[in-house]
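The values are calculated or read from the model by the stated rules, or taken from the named source; none is laboratory data. Keep in mind that what you see is a predicted model, and the values were worked out from it rather than measured. Because the Cβ atoms are built from the backbone with ideal geometry, glycine has one as well, and the counts that use them run over all protein chains shown. Keep in mind that these areas ignore ligands, DNA and RNA; they rest on the heavy atoms of the full protein, side chains included. Shrake-Rupley method; radii C 1.70, N 1.55, O 1.52, S 1.80 Å.
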Amino acid sequence: HSPRRFQFGLVLVIPILAALGVEAWRTQRSIVNRVAMLIPGLVVWGVLPHVSTAAPRYLSLFLLGAAAAAVALVVTAFRPLGLALLAAVLAVELAVSGISGQHKLLHEHQERVAPFEPPLMAPVRLDSYMRAGKIVQALQAHPGGRYLSVDPKAWRPWGYTGRLHSDELPLMGGQRSMIFGLEEAQGYNPIELLRNWMFVRTVDPKKIRYAVSYFRHPPSIALDLLDVRWIIGRAGGEPPAHPIRRVVRQGDWQLYSLPDAPTRASVMTSWRIVSSPEAALREVTGAHFNPTREAVLEGSGVRPVAAAAGGGSAETTAVYRQLGPQEARVDVSTKRPGVVVVRNAFDPNWTASVDGRPAVILPADYLVQGVKVPAGRHTVVLRYDDPAVGYGLLGSALALLAVAIAALALSGRIRIPMPRKSPNDPLGSNGAPVEPAPE
């Protein structure tokens, strides 16, 4: 689908594999063996592309490289010094493929390969990319809350990821948030959580590709559950949300703040129980759902509680503190039993404790986290622990151990043959002068 994504790894792998293949080719003394070595490559790269109906224009550069390599291999069969030709052919092929692979134009959503036309993206100036402009400085000066980049005119099926020209950098749509330590409520993630993927596509339907999750017209429910306090949009146009306040302008872009943005954590004293994630998504995206009055929970162990006549909750406070990328603390005060709704993505690898005792994290409002607390003052601690990381480390350790055992086993079987001493050789087999025998 997109082989150029492998180009950085292949630049390292191909020379290593080529060197192993060239050495095996060099040491062969039989024509039959050399022909047998070529058969797998011919089948994989010469036969299968035609069987899979690959268009001939996609194979033009490959066929040129294969023809040059074939000539080099024939030469080396008779002149071993010709092995240098293989290195030259490989270097040229990698350079040409690397350049041509980045030149792909999009016309009416149809991909057309054009090896020597202008690149898909203009070069990005790193000094501009790394510079914190007025919008970044304003976000850094007011930590807390996430931001969204919103510009329907700049929307593409892959979101705002390609908006990296100098005049578009203030939009902050290319996930530059990671550079400046900011929190963004959208972006691209190859291992995106399914709930977030479904939520974005349900509340803001549009043509969107892969694991890209950006908003073109963010609804109020998305602004609430994602704890959005800032929006970056095009200056001079219609504000992307209401009510909203202008903060600072940089070029063609304006930073807005949402005065009624929620806090990262809040206490709900009324909630509804649903039986499945699908039911929760329907409830949350319904026209009558109000995330400030009640919560929608999944699971058992928490009985439904209706909203009070005068409002959604009694007097409550919830102070959220981020202790690190995998830990947070919420200091809670409530006069009635409630559920602490934390506007971080729900994932089964998060664990919770209330006053030091283990607690259950429930999916709240389909997308975020909910922890039940009794009336009074409490401390809720959230921690993330993915056991797959430990399994991966264990697998790597076992693989290294297997390689070490194999190396030790082979070291005892491999013997380096010593050259035989010739009767006329003044040096012995170990290279030391041979003492003449006494007469």
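Summary table below
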read-out	value
Arg216 being part of a loop (DSSP other than H, G, I, E, B), open to solvent by 40 Å² or more (accessible area, probe 1.4 Å) and closer than 25 Å to Asp252 by Cβ	yes
Residues of the range 177-192 satisfying the condition of being more than 15 Å from Val247 (Cβ to Cβ), in contact with a strand residue (DSSP E or B) (Cβ under 9 Å, 6 or more places away or on another chain) and of a type outside the set (Gly, Ala, Ser)	Met178, Glu183, Glu184, Gln186, Tyr188, Asn189, Glu192
Where a residue in the range 348-368 is under 17 Å from Pro277 (Cα atoms) and its partner, wherever it lies, is crowded, with 19+ Cβ neighbours inside 10 Å and among the acidic types (Asp, Glu), with Cβ under 7 Å and at least six apart	Leu362/Glu298; Pro363/Glu298
Strands (runs of 3 or more DSSP E) fully within the range 98-208 counting 1 or more residues that are surrounded by fewer than 16 Cβ atoms within 10 Å (Cβ to Cβ) and at pLDDT below 85	104-107, 110-113
Hey, Asp167 on the phi > 0 side of the Ramachandran plot and touching a residue at least 60 places away in the same chain (Cβ under 8 Å) or not	no
The range 384-408 residues that are closer than 30 Å to Val360 by Cβ, paired with ones that are of a type in the set (Ser, Thr, Tyr) and at pLDDT 95 or above (beta carbon under 8 Å, 6 or more apart)	Tyr384/Thr351; Asp385/Thr351
Neighbours by Cβ (under 6 Å, 6+ apart or cross-chain): first from the range 65-80, closer than 13 Å to Trp25 by Cα; second modelled with pLDDT of 80 or more and open to solvent by less than 60 Å² (accessible area, probe 1.4 Å)	Thr76/Leu83
In the range 368-415, the residues that are in contact with a strand residue (DSSP E or B) (Cβ under 7 Å, 6 or more places away or on another chain) and acidic (Asp, Glu)	Asp385
Residue list for the range 259-289, filter: in a loop (DSSP other than H, G, I, E, B), surrounded by 12 or more Cβ atoms within 10 Å (Cβ to Cβ) and without any contact (Cβ under 8 Å) to a residue 40 or more places away in the chain	Asp260
